[in-house]
Amino acid sequence: MKKLMLLMFLFGLSVQAQEKPKILKEEVTRIETELASDKMQGRAIFTPGIDSASVFIEKEFAKVGLSYFNDLKNYRQEFIAKGKSANNVIGILPGKSKPDEFVIFSAHFDHLGMDDSESDKVFNGANDDASGVTAVIALAKYFKELNTNERTIIFVTFTGEEVGGFGSRFFSKNMDADKVVAMFNIEMIGTESKWNKNSAYITGFEKSDFGAILQKNLKGSNFNFYEDPYPREQLFYRSDNARLAALGVPAHTISTSKMDSEPNYHKLSDDVSTLDLDNMTEIIKAIAISSESIIKGIDTPTRVKKLRGN
């Protein structure tokens, strides 16, 4: 009897050890709804709305328990753009055995602001890119609870993407690209892809084996990552991954946006009611699972060819 009870106890510990944190639709909905609310005033750079968004993200990072980046005294990475003050929001999970190898999860939290000439004045930017920021916050919580990251994870939300990529440019200039193992930039994942549910595409898929690693880690699931189906749009160099990709980092954007037919892209109608929050939650889960071998230091994606002059 004692042996049986011991075996049952050990089995219970084993099952408990294998349980992974849950990414819940309720939390995804809460974060998304707050970021895309009218009170954020469209989150245009240099406005009170973007400040409100920054404060919200900072509170979420504090709630998770992220550490500060480098020598920062808080989660704000401040800089000057167009002669005005702006900031990214950054938090980290220090790596256990490989603290000087970095994996980045990113999204931009700015959008287009307001249009006072319309009755619906707010460009809520629910898909673009409150969905990506929601994913970054949810992933921070997931990996904090999982507590198995051998590499340091950097969670960063950029400002100024919509007006020239000011935030990612400043961040990249102050980052040693040689230490960045991979960058998961998340951009517009709130609507279904051209392949419908449980799917997304990766920009620059052919430029490294980043996508192949992610898909390998999803073997046995019903989720698929695909190559970018919109090559004419040159999306690989149109989002916040571009600066580090130009320096050779396997920095790719994950998206579901149908760039040839997305009905609410850069329109006042891009609000939470247009999103598939169930599918969005599944995409965030897929990113979490597919990235784990990179986070744990098991897989290292091949480098991207540097652009000339970098």
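Of the strands (runs of 3 or more DSSP E) contained entirely in the stretch 199-310, those carrying at least 3 residues that are closer than 16 Å to residue 130 by Cα fall at 251-255.
Flag: residue 167 does not match the condition of being surrounded by 23 or more Cβ atoms within 10 Å (Cβ to Cβ), touching a residue at least 12 places away in the same chain (Cβ under 8 Å) and in a loop (DSSP other than H, G, I, E, B). Within the stretch 246-258, residues that are modelled with pLDDT of 95 or more sit with their Cβ atoms under 7 Å from residues that are of a type in the set (Asp, Glu) and surrounded by 24 or more Cβ atoms within 10 Å (Cβ to Cβ), at 6+ positions apart or across chains, in these pairs: 253/187; 255/187.
So, in the stretch 82-96, of the ones that are in a loop (DSSP other than H, G, I, E, B) and within 15 Å of residue 167 (Cα to Cα), which residue ends up nearest to the chain's Cα centre (by Cα)?
Kept after step one, since they are in a loop (DSSP other than H, G, I, E, B), are these residues of the stretch 82-96: 82-83, 94-96.
Still in the list and also within 15 Å of residue 167 (Cα to Cα): 82-83.
Numbers: 82: 26, 83: 28 Å.
Of everything passing the filter in the stretch 82-96, 82 is nearest to the chain's Cα centre (by Cα).
Only one of 221, 291 is surrounded by 18 or more Cβ atoms within 10 Å (Cβ to Cβ) and either within 16 Å of the chain's Cα centre (by Cα) or more than 15 Å from residue 189 (Cα to Cα) (or both). Can you tell me which? Even if it seems obvious, please write down each step before you answer.
Values: 221 fails: surrounded by 18 or more Cβ atoms within 10 Å (Cβ to Cβ).
Result: 291 is the single residue among 221, 291 that is surrounded by 18 or more Cβ atoms within 10 Å (Cβ to Cβ) and either within 16 Å of the chain's Cα centre (by Cα) or more than 15 Å from residue 189 (Cα to Cα) (or both).
Within the set 100, 110, 116, 178, the sole residue that is modelled with pLDDT of 95 or more and part of a loop (DSSP other than H, G, I, E, B) turns out to be 110.
How many residues does the stretch 224-244 hold that are surrounded by 19 or more Cβ atoms within 10 Å (Cβ to Cβ) and closer than 17 Å to residue 161 by Cα? Don't jump to the end; show me each part of the working.
The first filter runs over the stretch 224-244 and keeps only residues surrounded by 19 or more Cβ atoms within 10 Å (Cβ to Cβ), leaving 225, 228, 235-236, 239-244.
Right, trim to closer than 17 Å to residue 161 by Cα and you get 235-236, 239-244.
The total comes to 8.
Among the residues making up the stretch 245-275, a single one is of a type in the set (Asp, Glu) and surrounded by fewer than 16 Cβ atoms within 10 Å (Cβ to Cβ): 260.
If you go through the stretch 119-153 and keep only what is more than 18 Å from the chain's Cα centre (by Cα), among the β-branched types (Val, Ile, Thr) and not in a strand (DSSP E or B), you end up with just 148. State whether the residues of the stretch 154-162 include one that is surrounded by fewer than 23 Cβ atoms within 10 Å (Cβ to Cβ), in contact (Cβ under 8 Å) with a residue 24 or more places away in the chain and either among the polar types (S, T, N, Q) or part of a helix (DSSP H, G or I) (or both). Yes; the residues of the stretch 154-162 include at least one that is surrounded by fewer than 23 Cβ atoms within 10 Å (Cβ to Cβ), in contact (Cβ under 8 Å) with a residue 24 or more places away in the chain and either among the polar types (S, T, N, Q) or part of a helix (DSSP H, G or I) (or both). Among the residues of the stretch 60-81, those that are without any contact (Cβ under 8 Å) to a residue 24 or more places away in the chain, assigned to a loop (DSSP other than H, G, I, E, B) and of a type outside the set (S, T, N, Q) comprise 71, 72, 73, 75.
Condition check for residue 122 on (1) surrounded by 23 or more Cβ atoms within 10 Å (Cβ to Cβ); (2) closer than 22 Å to residue 293 by Cβ; (3) out of contact with any Phe, Trp or Tyr (no Cβ under 6 Å at 6 or more places or on another chain): one failure, at (2).
How many residues are touching a Gly at 6+ places or on another chain (Cβ under 8 Å) and of a type in the set (Asp, Glu) when one looks only at the stretch 77-110? Matching residues across the stretch 77-110 total 2.
The values are calculated or read from the model by the stated rules, or taken from the named source; none is laboratory data. The structure presented is a predicted model; accordingly, all values stated were derived computationally and were not measured. When we count neighbours, we look across all protein chains shown, and the Cβ atoms used for this are built from the backbone with ideal geometry, even at glycine.
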